[in-house]
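Asks: Have a look at this one.
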Amino acid sequence: MTTISGLTEADVLALSQAYAEPDWLRDRRQEAFKAFSDLPWPDNRVEEWRYTNPARFDLERKVRNDGDSGLPARRDGIVAALGDDVAGRVRIVDGAVVEAASAVDGVIVSDLASAAREHPELVREALGSVVPPDTKFDALNLAAFTGSAFIAIPADTEVDRPLAVSIDVAAPGAVLPRVLVVAGAHAKATVYVDHGGNADATVVEVVEVVVGEGARVDVATSQDWGPDVDHIGAHTGLVGDNGDYRHLEATLGGNTVYIRPDVRLDFRGGNAELLGVYFCDSGMHVEHRSLIHHNASQTTSDLVYKGALQGDSSATFFGNIRIEPHARATSSDQTNRNLILTDGAKADSIPFLEIENSDVVRCGHHSSVGQVDEAQLFYLESRGIPREEAARMLVFAFLNEVMDRVELPGVTETVMGEIEEEVQHGPTALMDQRRR
């Protein structure tokens, strides 16, 4: 296979042919490739990449779609925590789907190519409708996605167990996974998308979720890469009339991770809740760049992201709430808090509001970057708790304020367990040394 930077139309056509895709999907790939070819490679002079230099991503790695089906499944992460208690499962290894099965009648769990052949009426309308090929990397993914997952929940269907997607990296290269979730009217489902593994790898990913009228979809995405993985991801929900979309983003590992947790409130009465936690260790750089787009009246949203940083790590949160002129009586709020644990760590927090309508119920933002509170430390120390242990307890409590809002099986315990392990084994010289 070719590299990301060397992708050609012939490569795109060869991929489509290898997957035996229908003509319309081949044409969709070609349209995306034209957009990819026309768009310039971004650099840090454009606003979207001001805080994360795209030169950090190795685009010369070869695109893989030949994952090892015999590789054992990971024993950690939010999907592993479910065991066999899932309604369906897709497993993607090094760009190849090695498992795809549904355990619930009527619920479709498949790779995208198979779904495009067997359920063209569902895939054709939804694919690219949430994350179109408007940016260089989104166009790249739609043109050349390899390992892919398709999940469809029929109207009026409630799935009482999570639907699980795992994306693993075990060998060097570039992988371009795509996950498409379609929930029909008044459906209800929970979807986990878990990322893990370590190799010299570049991951360019899209997760797009279509929430039908009156439907509710809870999505939990977790990135726990090893230190050699770079990840660019667009995780976006499109919410229908009176629909509900809840999304948790847990970023716990990787080298450079650039995620766009967006939501499009294009229909009246849509509601979104975006929750995020991130823990950054030495050498790690993370950016979450979120757009909450109120594009219809009486839509509501709430975003809460909290992160802790140690070593020489860095993190950026850029959150934008956009309210269009025709979107009346909207309610929205966003909060980002960052906890700096060591002198070398750095966090940037940039909340942003674009309000083009005076008929707003509520719209606000809250942002902070700081250290562990000295008064709280003193209180715990006065109760006989060693200073470093007290600091770890406060870090855990700081992030748990977000996780307490997550009511998904296995997620809170798994994520907080992984964070606790990082805190226990990380630097313990917390805060400014002048405080000692």
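The values are calculated or read from the model by the stated rules, or taken from the named source; none is laboratory data. Predicted model only: the values in this text are computed from it and were never measured. Positions of Cβ are backbone-derived with ideal geometry, glycine not excepted, and every protein chain shown enters the neighbour counts.
Asks: Among the listed residues 224, 194, 230, identify the single one that is closer than 25 Å to residue 154 by Cβ and in a strand (DSSP E or B).
Replies: Unique residue meeting the criteria: 194.
Asks: I've got another one for you. What tally of residues in region 35-50 results from selecting those that are surrounded by 14 or more Cβ atoms within 10 Å (Cβ to Cβ) and out of contact with any Phe, Trp or Tyr (no Cβ under 7 Å at 6 or more places or on another chain)?
Replies: Within region 35-50, residues that are surrounded by 14 or more Cβ atoms within 10 Å (Cβ to Cβ) and out of contact with any Phe, Trp or Tyr (no Cβ under 7 Å at 6 or more places or on another chain) number 7.
Asks: In region 362-385, which residue that is in a strand (DSSP E or B) and in contact with a Lys or Arg (Cβ under 9 Å, 6 or more places away or on another chain) is nearest to residue 47 (Cα to Cα)?
Replies: Pass one, region 362-385, residues in a strand (DSSP E or B): 362-370.
Pick out the ones that are also in contact with a Lys or Arg (Cβ under 9 Å, 6 or more places away or on another chain) and you get 366-370.
Values: 366: 21, 367: 20, 368: 21, 369: 21, 370: 25 Å.
Applying the filter and picking the extreme gives 367.
Asks: Hey, another quick one. When you go through 77, 128 one by one, which is the residue that is touching a strand residue (DSSP E or B) at 6+ places or on another chain (Cβ under 7 Å) and in contact (Cβ under 8 Å) with a residue 60 or more places away in the chain?
Replies: None of the other options fit; the residue is 77.
Asks: Something else: For residue 156, indicate whether it is closer than 30 Å to residue 43 by Cα, of a type in the set (D, E, K, R) and either touching a helix residue (DSSP H, G or I) at 6+ places or on another chain (Cβ under 9 Å) or surrounded by fewer than 21 Cβ atoms within 10 Å (Cβ to Cβ) (or both).
Replies: Considered against the rule, which asks whether it is closer than 30 Å to residue 43 by Cα, of a type in the set (D, E, K, R) and either touching a helix residue (DSSP H, G or I) at 6+ places or on another chain (Cβ under 9 Å) or surrounded by fewer than 21 Cβ atoms within 10 Å (Cβ to Cβ) (or both), residue 156 comes out as no.
Asks: Now a separate question. Identify the residue in region 60-82 that is modelled with pLDDT of 95 or more and surrounded by fewer than 18 Cβ atoms within 10 Å (Cβ to Cβ) and, among all such residues, is nearest to residue 19 (Cα to Cα).
Replies: 62
Asks: Mind telling me which of the residues 344, 269 ends up being outside any strand (DSSP E or B) and on the phi > 0 side of the Ramachandran plot? So that I can check it myself, show each step before the final result.
Replies: Working: 344 fails: on the phi > 0 side of the Ramachandran plot.
Every option except 269 fails the conditions.
Asks: Quick one: which of 94, 68 is touching a strand residue (DSSP E or B) at 6+ places or on another chain (Cβ under 9 Å), farther than 29 Å from residue 218 by Cα and in contact (Cβ under 8 Å) with a residue 24 or more places away in the chain? It would help to see each step written out before you state the result.
Replies: Numbers: 94 fails: farther than 29 Å from residue 218 by Cα.
Going through 94, 68 in turn, just one is touching a strand residue (DSSP E or B) at 6+ places or on another chain (Cβ under 9 Å), farther than 29 Å from residue 218 by Cα and in contact (Cβ under 8 Å) with a residue 24 or more places away in the chain: 68.
Asks: Between residues in region 342-353 that are closer than 17 Å to residue 52 by Cα and touching a residue at least 60 places away in the same chain (Cβ under 8 Å) and residues that are among the hydroxyl-bearing types (Ser, Thr, Tyr) and not in a strand (DSSP E or B), which pairs lie under 7 Å by C-beta distance while being six or more apart or on different chains?
Replies: 345/313; 348/51
Asks: Would you please name the residue that is nearest to the chain's Cα centre (by Cα), looking only at residues in region 197-221 that are over 18 Å from residue 161 (Cα atoms) and in a loop (DSSP other than H, G, I, E, B)? Quick ask: steps written out before the conclusion?
Replies: Looking only at region 197-221, we keep the residues that are over 18 Å from residue 161 (Cα atoms), and these are 197-208, 210, 212-214.
Okay, now just the ones that are also in a loop (DSSP other than H, G, I, E, B), so 198-200, 212-214.
Details: 198: 18, 199: 20, 200: 20, 212: 20, 213: 23, 214: 23 Å.
Applying the filter and picking the extreme gives 198.
Asks: Mind telling me which of the residues 264, 268 ends up being surrounded by fewer than 22 Cβ atoms within 10 Å (Cβ to Cβ), among the basic types (Lys, Arg) and either out of contact with any helix residue (DSSP H, G or I) (no Cβ under 9 Å at 6 or more places or on another chain) or at pLDDT 95 or above (or both)?
Replies: None of the others qualify; the one that does is 268.
Asks: If you don't mind, another one. Go over the candidates 21, 48 one by one and state the one that is touching a residue at least 12 places away in the same chain (Cβ under 8 Å), more than 23 Å from residue 194 (Cα to Cα), in a loop (DSSP other than H, G, I, E, B) and charged (D, E, K, R).
Replies: Sole residue among the options that is touching a residue at least 12 places away in the same chain (Cβ under 8 Å), more than 23 Å from residue 194 (Cα to Cα), in a loop (DSSP other than H, G, I, E, B) and charged (D, E, K, R): 21.
Asks: Sort through 194, 168 and tell me the only one that's in contact with a Ser or Thr (Cβ under 6 Å, 6 or more places away or on another chain), touching a residue at least 24 places away in the same chain (Cβ under 8 Å), of a type in the set (Asp, Glu) and buried (at least 22 other Cβ atoms within 10 Å of the Cβ).
Replies: Residue meeting the stated conditions: 194.
Asks: Within region 174-182, can one find any residue that is surrounded by fewer than 24 Cβ atoms within 10 Å (Cβ to Cβ) and on the phi < 0 side of the Ramachandran plot?
Replies: So in region 174-182, the residues surrounded by fewer than 24 Cβ atoms within 10 Å (Cβ to Cβ) come out as none.
No, that holds for no residue.
Asks: Related question: Check residue 114 against each of (1) in a loop (DSSP other than H, G, I, E, B); (2) of a type outside the set (Val, Ile, Thr); (3) more than 19 Å from the chain's Cα centre (by Cα); (4) surrounded by 15 or more Cβ atoms within 10 Å (Cβ to Cβ) and name the one condition it does not meet.
Replies: (1)
Asks: Filter region 365-420 for residues that are under 29 Å from residue 333 (Cα atoms), out of contact with any helix residue (DSSP H, G or I) (no Cβ under 9 Å at 6 or more places or on another chain) and acidic (Asp, Glu) and give the result.
Replies: 401, 407, 418
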